[in-house]
Structure formats: C-alpha cells, structure tokens
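Each value in this text was obtained by applying a stated rule to the coordinates, not by laboratory testing. Only a predicted model underlies this, so the values are computations on that prediction, with no experimental measurement involved. A quick note on method: Cβ atoms are made from the backbone with ideal geometry, for glycine too, and the neighbour counts reach across all protein chains shown.
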C-alpha cells in the first residue's frame, strides 16, 4: 500500500466521482479505479458504494478515510520536520577534528564558547591524518579544522597567513605514561638504556604528534633509548595499548588525568619529557560563508 493510494481515496471521498478524482490525481481513470480496488483488497472490505449517485462511502470506507487523513497528515508533518532538520544541518559550519580532540576537548570548548549548536562535526575526519586536514579545508570538505600544532611539523610551512587564519584555543602537553608496578613506579621508565630500551607505542609518522615528540627528544640534553613497537594514528589506541602493559607512550594530558587519578597510569618520566603543543582552530583565509565569518569574529573576541 502506497501513500499516494491513500491520497487517491481521499480525493474520491471529496469528489464522490471516479473521473474527477482521477483528474485531480493526474492519472487515467482505469489506473485510478485499479488503485481503489487494490486498496479494498488490501483492507479486505468494500470501501465505496458504487451503485449510488453520487458515490458514497461504506461504514468501512468512512473508517478508512479517517485513517487516510491521519496517516497523510503525519507523513506531511514528518516531511516538514525532516526538511527543517536538513535545513538546520546544512546551515551548520562543518568541523574536521582529530579523534583525540573531539573526545577530550571539542565538546566542552564548543559549549563554553556558546557555538555548539552552530557546528557540525564531519565524521570523515576520524580517518584523516596530519596534512590531510589542510587538504580537506582546501577541498571544501570542512570549513574549520581543530587540531594539535607545533613548530616542528614537517609540512608546517604550508600554514601561511596568506592562505589560512587560525586561533590558538589552548595549550596542551603530551606526557609520557606507563602502567605501574606493584610499588607504584612506572613499569617502563624513561630514558631506558642501550641494553634495555623502553618499549614505545608510537604515533603515525605522518600525524601531528610523532614529529613533535622526536623534535623535543632531540632538544633534550639527555640520551634516550626507545624501542618502537608499532604506530597508531589515534591517541585512544595508544592509551589502550599502554594500559594493557605493552609499553609506554606519550598522551595528551587531558586524556591521562582520570587514569592517573585512579592509578591506572603513572608518569614514565618527569616534566622535562613533556612535549608542549598548541590546540589550533584553522580556516581558509577566504571564508566560504558569512556565517563562518560571524562565528570567527566571535571567537576572535573571546581569545583576544
């Protein structure tokens, strides 16, 4: 049974005439009559008194008319609500965020900034790595990018003020963490030794964070001995492997606070091993919408 068949029956109930109802529904009379017959077969009852002039509805037809009016009204109202939701969604500003920042920063920041209802997360971003976020901005796949940033990104020179605008929303540290021994000490402490290198759960080399860690370690006036076991694109994956005791890893401090509080993770080294980062919001300098410019000015005033 199709909605248009219900509309056919409502037209017939209004006109009490097969030919005029068929004209209203823009179909031939044979087609229209066949649909009404199919309705009666589907309901298992005669809905129309065909011997009266004008036509009249049977008691079953009167009851069925009430159903038709209710169903078509509900369908119409639902379509209108869906259209309104679609219009609202299309008016939102698309954001590409790294998974770690979405889980531990994005929602709280957007709520505090008073812009949560104006943003729409692009879920495709969970599969992007490093430079692909800027590619997505330039390709129009999103209007804003929320990401970590640091001075040692190998492709960092691509972020020029002639092409992009950005805001530094917060500072963040990557902290080295490990599961603890029974005595509460890190099972995999830094800096390790040539004989016993520290097993490392590393970030993907093309992402935002691994180059920051390597550059920071290179600036330290201390040798460090690490044994990378694998690479991961997501901080959550690294945290899971670290918590299972496979090795140590660097995690955004926001991700470690609760685990450290409950003793599930401990520092694998003191503060000198912390890697400083910025959390940046980036857009194309040439904004694609007035809504984006309005939102950007609001954020600039908050971070002035």
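Projecting label points 7 angstrom from Cα along Cα→Cβ for residue 139 and residue 42 puts them 4.3 nm apart.
Label sites at residue 244 and residue 131, each approximated as a point 7 angstrom past Cα along Cα to Cβ, lie 3.2 nm apart.
Only Cα pairs under 8 Å and 6+ residues apart enter the sum, and on that basis the relative contact order of the chain stands at 20 percent. Taking 58, 126, 98 as the candidate residues, the one with maximal mean-square fluctuation in a Gaussian network model of the chain, Cα springs under 10 Å, is 58.
Rounded to the nearest 10 degrees, the inclination of helix 29-43 to the longest alpha-carbon principal axis of the chain is 70 degrees. Hey, in the GNM for the chain with a 10 angstrom Cα cutoff, which one of 249, 100, 44 fluctuates hardest? The residue with the greatest mean-square fluctuation here is 44.
Helix 290-302 and the longest principal axis of the Cα set of the chain meet at an angle near 40°. The C-alpha atoms of the chain define a longest principal axis, and helix 3-15 lies at about 30 degrees to it. Just check the chain against the gyration tensor rule for me: Cα atoms, a ≥ b ≥ c as the square roots of the eigenvalues, rounded for a/c under 1.5, and otherwise prolate or oblate depending on whether a/b exceeds b/c. Prolate. Of all DSSP bridge pairs formed entirely within segment 93-297, close to 65 percent run antiparallel.
Is any residue of segment 264-287 close enough, with backbone N under 17 Å, to a label point placed 7 angstrom from the Cα of residue 152 along the Cα-Cβ axis, and if so, which? Taking a point 7 Å out along Cα→Cβ of residue 152, the residues of segment 264-287 whose backbone N falls under 17 Å are 269-279. Spatially, segment 126-165 and segment 1-64 are offset by 61 Å when compared through their Cα centroids.
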